[in-house]
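Take a look at the structure below.
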Amino acid sequence: MARNLIRKLMKGSHWPKAYIAAIPIWDKKLGLVVVGHIELWLPHEIIDAICDFTDVESFLSKGNIDVEAAARLAKCARELGVPLDELLGIGFWLDGCPCNWDRSQSLETVSLNFPYLGGEDNNFRIPLCGIEKGFVAKGETFDAILEVFTWSLSMLAAKQWPSCRHDGTVWIATDCWRSRKNGSLPLRAVLSEVRGDWQMFKHLLRFPQHNEAAGICFKCRAVLADARRPGTDADWRKPENRLTIWSLIQRMLDKGLLLSPLLSSPCVSVDTFLIDWLHAVDLGVLCDFLGNLFFTLSNTSCTSLIARHELRRFLVWFRIITVGTQRSRTSLTISPPRCFGKMIRPRNLRSFGRRLQKLEG
């Protein structure tokens with residue numbers, strides 16, 4: 001039934017057929033790495049399909065580009081030796097999302113977006129692949145997936161259709177229509193943005209994490225002690241302490257780390273990789289801020305005379321929910337969401353010593 005439903009929904013579709021690649025995955029039953037066949041969408045084929053029904057000039061427009069992105073894309077145009085107005089900047093978004101009812105499993109995805117288009121097209125994302133996190137073999141699965149995407153990005157930078165598969169082998173039976181494609185692609189594109197959180201950068205790209213003694217950043221030589229020196233005159237801001245893609249690769253090789261295939265994409269640099277602000281705030285500073293805020297309220301409010309910390313936190317939580325309920329019944333538009341009462345509870349306030357507080361979900 002599922003097969004028939006997919007055929008019905010995809011009948012008459014103008015999107016390209018999936019590219020089937022042999023990818024190492026983790027077998028839960030056997031408890032070892034096996035080779036599985038995963039379907040992927042290739043960026044150069046997606047862009048070709050979009051250009052069949054879109055004006056190329058409008059697709060190349062850059063109505064939502066900032067100063068830093070414009071400089072980054074102009075540098076890519078100089079490296080490729082092409083005019084800036086003929087180069088399309090694309091982005092990758094690597095993230096996971098819950099895929100079952102209790103949020104115990106997540107689907108790891110790689111999405112394609114066009115960050116410099118104006119209007120609603122700026123938020124347009126196309127999933128290129130998805131795999132359940134339980135099937136991801138650390139250091140192998142996504143390396144193989146990103147190797148396929150890097151090959152596709154090379155074709156986009158060269159503006160040419162490939163003549164063989166990503167591993168140099170001949171086309172297989174599922175690539176019949178690809179074997180008939182030749183010549184030039186409708187436009188030239190380059191990977192100008194890769195967004196994700198710190199965890200993705202650490203596990204997929206082997207970038208340093210926030211508490212490593214040798215260095216905590218993939219863009220500069222800052223160490224753990226420099227985390228409390230954010231001033232404009234900090235040493236890590238000096239040009240001689242900034243990292244290039246080559247110095248970053250050398251640091252990774254000195255540690256004995258395997259390089260991610262994405263680092264070999266055309267025109268890639270350290271400025272290509274951007275920290276996703278939503279994840280940085282969500283898991284970086286927001287929980288710490290709320291934890292300390294509620295802890296301070298529980299100690300400075302009228303409940304401070306109560307000896308037990310658990311009871312004081314409960315009263316603060318009860319006051320928040322009461323105020324939110326009262327506001328939701330009036331014409332006020334500012335009110336906590338319905339799930340706020342389940343999220344903010346006394347047991348979610350966790351102490352780390354005397355000073356550090358954190359709100360846990």
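Of note:
- Residue satisfying condition, being of a type in the set (A, V, I, L, M, F, W, C), touching a residue at least 60 places away in the same chain (Cβ under 8 Å), out of contact with any Leu (no Cβ under 6 Å at 6 or more places or on another chain) and outside any helix (DSSP H, G or I), within set Ala137, Ala214: Ala137
- Members of the stretch 23-43 that are surrounded by fewer than 16 Cβ atoms within 10 Å (Cβ to Cβ), over 12 Å from Lys138 (Cα atoms) and among the aliphatic types (A, V, I, L, M): Leu30, Val34, Val35
- Checking each residue in the stretch 175-196 for being of a type in the set (Lys, Arg), within 11 Å of Met155 (Cβ to Cβ) and part of a strand (DSSP E or B) picks out only Arg188.
- Subset of the stretch 240-279 [of a type in the set (A, V, I, L, M, F, W, C) and in contact with a Leu (Cβ under 9 Å, 6 or more places away or on another chain)]: Ile245, Leu248, Ile249, Met252, Leu253, Leu259, Leu262, Leu263, Cys267, Val268, Val270, Phe273
- Extreme residue, nearest to the chain's Cα centre (by Cα), among residues of the stretch 103-121 that are farther than 20 Å from Glu39 by Cα and hydroxyl-bearing (Ser, Thr, Tyr): Tyr116
- Qualifying residue in the stretch 174-185 (condition: surrounded by 14 or more Cβ atoms within 10 Å (Cβ to Cβ), under 24 Å from the mean Cα position of the chain (by Cα) and aliphatic (A, V, I, L, M)): no
- Members of the stretch 1-27 that are modelled with pLDDT of 80 or more and either polar (S, T, N, Q) or at positive phi (or both): Asn4, Ser13
- So Asp167, is it outside the structural domain of Gln250 (by TED's automatic domain parsing), of a type in the set (Asp, Glu) and part of a helix (DSSP H, G or I): no
- Criterion: part of a helix (DSSP H, G or I), modelled with pLDDT under 65 and closer than 25 Å to Gly215 by Cβ - qualifying residue of Leu263, Leu283, Leu311, Leu248: Leu283
- Residue identified as in contact with a Phe, Trp or Tyr (Cβ under 6 Å, 6 or more places away or on another chain) and in contact (Cβ under 8 Å) with a residue 24 or more places away in the chain among Trp15, Trp41, Trp26: Trp26
- Being out of contact with any helix residue (DSSP H, G or I) (no Cβ under 8 Å at 6 or more places or on another chain) and either among the polar types (S, T, N, Q) or at pLDDT 90 or above (or both) is a property that Cys76 has.
- Of the candidates Arg237, Arg251, the single residue that is within 29 Å of Leu156 (Cβ to Cβ) and not β-branched (Val, Ile, Thr) is Arg251.
- Residue satisfying condition, being under 21 Å from Thr272 (Cα atoms) and crowded, with 19+ Cβ neighbours inside 10 Å, within set Ile131, Ile126, Ile90: Ile90
- Restricting the stretch 1-29 to residues that are small (Gly, Ala, Ser) and in contact with a Leu (Cβ under 9 Å, 6 or more places away or on another chain), the residue that is farthest from Ile46 (Cα to Cα): Ala21
The values are calculated or read from the model by the stated rules, or taken from the named source; none is laboratory data. Keep in mind it's a predicted model, so treat the numbers as computed, not measured. Using ideal geometry, Cβ is built from the backbone for each residue, glycine included, and neighbour counts are taken over all protein chains shown.
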